[in-house]
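First the structure, in the form of structure tokens, and then the observations on it.
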Amino acid sequence: MKHKRDYTADRRLPLLCALAAAIGLLSAGAAWMLLKLIALFTNLFYFQRLSVQASSPAAHTLGWIAALLPVIGGLIVGLMARYGSDKIRGHGIPEAIEAILFGKSRMSPKVALLKPLSSGIVIGSGGPFGAEGPIIMTGGSLGSLLAQWMHLTAAERKTLLVAGACAGMTAIFGTPLAALLLAVELLLFELRPRSLLPVAVACTIAGFVRPWLIEGGVLFPMDVAPVAPVALLSCLAAGLASGVLAAVLTLALYRIEDGFHRLPLHWTWWPALGGIAVGLGGLWQPRALGVGYDVIADLLNQHMLVSAALALLLVKAVIWLLALGSGTSGGVLAPLLMMGAGLGLVLSPWLPGGSPGLWPLACMAAVLGSVLGAPLTAIVFAFGLTHAGNALLPLIATTSVAYGLNVLWMKRSIMTEKIARRGLHVHREYGVDPLERVHVDDLMSTPQALEAVLPAGAALALCRRAERVHRYYPVTAHGRLVGMVALSRLQSANPAEGCGTLLEPESGYLLPHLSARAAAGAMARQGVARMPVVAGPERRRLVGMLSLSDLVRASATHAEEESVREKLLGN
């Protein structure tokens with residue numbers, strides 16, 4: 001049993017971690033650049049000045065002319081997508097998932113360049129988006145490009161793509177643990193040291209570099225008083241309300257997207273149409289424009305009237321849905337944070353058991369977690385943004401209720417619906433593969449070997465007398481495996497010819513300590529349904545045979561655990 005490990009030993013892991021550290025630096029720099037681009041275009045569009053100092057579109061004095069700016073921004077980005085790369089359309093995370101699962105984690109240099117530029121233009125012209133979606137796509141592109149340049153495997157490209165994406169999120173929000181959980185829940189589709197550790201390294205590097213490039217500290221610091229037991233009922237109510245809002249937003253977004261697809265216009269012009277809604281909404285609620293981090297802080301700290309929060313919530317939801325449905329470039333996390341916090345502020349007068357500031361925070365996490373289908377990310381993200389320790393239990397309860405409601409109610413999340421509409425299904429549940437729980441020596445059968453000097457006629461008669469006839473048989477010389485012979489070769493060969501001269505040109509072997517999953521991969525690469533097992537690669541002493549039917553047996557226990565209902569003890 002000494003040869004069996006808890007985790008797969010990967011000697012390339014140090015190399016991946018070193019590359020991930022470089023990706024962490026690059027993604028932090030890309031996050032800084034994106035924020036500066038947003039500030040630059042905000043100042044150009046709304047204040048007609050050349051500056052990279054952060055400013056809010058709500059402070060403009062342009063009057064009704066400001067309604068035209070999102071239209072101009074949408075028109076520019078539509079043309080960039082048509083003549084540059086259409087991969088810059090959308091909010092970034094579904095595109096990253098699609099590249100990981102169906103594109104072998106390959107991204108182009110155009111995306112790395114055009115995604116932050118297009119997002120800076122859209123958000124700077126008033127688009128109601130956050131910077132996290134674009135930086136996830138941009139950081140992921142940097143990781144993918146480095147992996148392609150280093151000639152890494154598709155699995156290693158995925159690791160560096162996700163490392164870049166999550167490092168960018170860390171640099172924007174200063175929440176490395178939430179970024180790491182985002183990788184686990186949304187992007188990696190596995191939980192292995194070979195992928196988790198490089199992502200952790202990238203997020204750590206980005207977190208340490210962030211104070212030098214952007215700013216340190218907590219983004220939305222707040223204090224929350226300890227909760228009373230009655231808060232559990234409030235968490236249930238807030239979770240249900242947040243789950244309903246999340247479902248409505250998801251359904252509305254794709255209904256709007258369907259509406260744009262029915263328009264007799266090329267998709268190049270759709271972002272400009274979405275910009276009309278953004279401009280008109282901005283005239284009514286200027287604070288709904290742009291990233292809106294200042295608005296989120298006001299909502300969390302109860303610095304806004306309930307009536308004002310309700311109006312802002314409605315306008316933000318409408319213009320965000322119309323703009324995102326039009327296919328423009330922008331993120332979803334910051335808008336969801338604002339809408340969730342607005343819902344919590346509206347509900348807080350009727351929710352007992354906690355301080356008023358608790359419910360905007362709880363609903364913010366619940367809406368985010370249920371829309372993304374990533375509850376752990378949302379819980380830790382909300383805590384990381386505020387460091388409100390007393391809110392952790394209500395965050396877990398509220399987010400769990402909202403997430404559970406959407407799991408039962410919705411077939412897909414906002415992250416996977418777009419991919420599904422392209423005919424690609426994403427199954428987001430994963431656990432330990434039954435084939436990883438057993439090894440070759442647990443499943444292999446006793447081999448029926450043919451000696452290399454045995455004539456083909458005698459070997460064929462021996463095979464036919466056996467209880468079961470196989471397509472391939474191992475051939476040995478003094479107990480050492482020399483290859484495999486096909487039954488068809490025995491049938492067509494000269495009966496006097498030795499089996500050792502009829503071997504298949506390429507025949508591999510398995511080792512007893514390999515997992516059944518690794519054995520299945522080896523059989524798939526060889527294109528065979530049966531492979532020999534040897535005690536070691538040096539002596540190659542034949543000890544067993546493994547077939548596809550043996551691998552099927554490995555799943556029998558798992559199938560029984562999932563389907564067989566057992567009687568209660570004592571019945």
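None of the figures in this text is laboratory data; all of them are computed from the coordinates on show. Note that the structure is predicted; figures quoted are calculated from it, not measured. Glycine also receives a Cβ, built like all others from the backbone with ideal geometry; neighbour counts cover every protein chain displayed.
Can you tell me the order of 116-129, 233-246, 75-88, 43-56 when each peptide is scored by its average per-residue count of other Cβ atoms within 10 angstrom, highest first? Write out the running numbers ahead of the final one.
Working: 116-129: 29.0, 233-246: 22.9, 75-88: 19.8, 43-56: 15.0.
Per-residue mean Cβ counts within 10 Å order the peptides as 116-129, 233-246, 75-88, 43-56.
Please arrange 421, 89 by how many other C-beta atoms lie within 10 Å of their C-beta, fewest to most. Before the final figure, lay out the partial values.
On the way: 421 14, 89 23.
Fewest to most other Cβ atoms nearby, the residues stand as 421, 89.
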#### Entry: In the chain, lysine pairs with alpha-carbon atoms under 21 angstrom apart (chain gap of 8 or more, or interchain)
14
### Query
What is the helix-to-structure angle for 375-386, meaning the angle in degrees between its Cα long axis and the longest Cα principal axis of the chain, kept from 0 to 90 and rounded to the nearest 10?
40
### Query
In what sequence, highest mean first, do 487-497, 152-162, 190-200 appear when ranked by Cβ atoms within 10 angstrom?
152-162, 190-200, 487-497
#### Entry: Helix 109-124 vs. the chain, principal-axis angle (Cα, 0 to 90°, nearest 10)
20
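By the scheme Lys and Arg +1, Asp and Glu -1, what is the net charge of all other residues having a beta-carbon under 11 Å from that of residue 99?
Values: positive: 87, 104, 106, 157, 158; negative: 95, 98.
With Lys, Arg at +1 and Asp, Glu at -1, the net is +3.
Once the Cβ-Cβ distance between residue 494 and residue 149 is put in as r, and R0 is 56 Å, what FRET efficiency do you end up with, to the nearest 0.05? List each step's numbers first, then the result.
Numbers: r = 54 Å, r/R0 = 0.97.
FRET efficiency, residue 494 to residue 149: 0.55.
Under the rule of -39500 (n - 2.57) per DSSP H run of 4 or more residues, summed and divided by the residues of the chain, what mean residue ellipticity at 222 nm is obtained, to the nearest 500 deg cm²/dmol? Intermediate results must be reported in sequence, preceding the final value.
Numbers: 23 runs with 326 residues, N = 571.
Helix contribution divided over all residues of the chain: -18500 deg cm²/dmol.
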#### Entry: Relative contact order (percent, whole number), the chain, Cα cutoff 8 Å, 6+ residue spacing
15
### Message
Can you compute the equivalent ellipsoid semi-axes for the range 13-213, i.e. the square root of 5 times each eigenvalue of the Cα gyration tensor, sorted largest first and rounded to whole Å?
### Response
31, 18, 12
### Task
For helix 231-261, report the angle its Cα long axis makes with the longest principal axis of the Cα atoms of the chain; keep it between 0 and 90° and round to the nearest 10°.
80
### Beta bridges per DSSP with both ends in the chain, % antiparallel, nearest 5
80
### Query
What nm distance separates the two modelled labels at residue 408 and residue 104, each placed 7 Å from Cα along Cα→Cβ?
4.4
### Query
Using unit Cβ charges (K, R positive; D, E negative) and no other charged atoms, how large, in debye to the nearest 20, is the dipole of the chain about its Cα centre?
1160
### Query
Where does the charge balance sit around residue 146 when Lys and Arg score +1, Asp and Glu -1, over other residues with C-beta under 11 Å from its C-beta?
0
## Note on the structure
Scoring only Lys, Arg, Asp and Glu (+1, +1, -1, -1) among other residues with Cβ under 12 Å from the Cβ of residue 86 yields +4
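Between Rg and the Kirkwood Rh of the chain, both from Cα atoms, what is the Rg to Rh ratio? Show your work: numbers first, answer last.
Values: Rg = 29.1 Å, Rh = 26.4 Å.
Rg divided by Rh gives 1.10.
Using 0.36 nm per residue of separation minus the Cα-Cα distance, give me the extension gain between residue 549 and residue 261 in nm, one decimal. Let's see the in-between values first.
Working: separation 288, 0.36 × 288 = 103.68 nm, distance 4.79 nm.
98.9 nm is the gain from fully extending residue 549 to residue 261.
To the nearest µm²/s, what D does Stokes-Einstein give for the range 274-321 at 10 °C and 1.306 mPa s, using the Kirkwood radius over alpha carbon pairs as Rh?
D, rounded to a whole number, is 146 µm²/s.
Give the order of 269, 350 when sorted by the count of other beta carbons within 10 angstrom, beginning with the fewest. Walk me through the numbers before you get to the answer.
Numbers: 269 17, 350 10.
So the ranking, lowest neighbour count to highest, is 350, 269.
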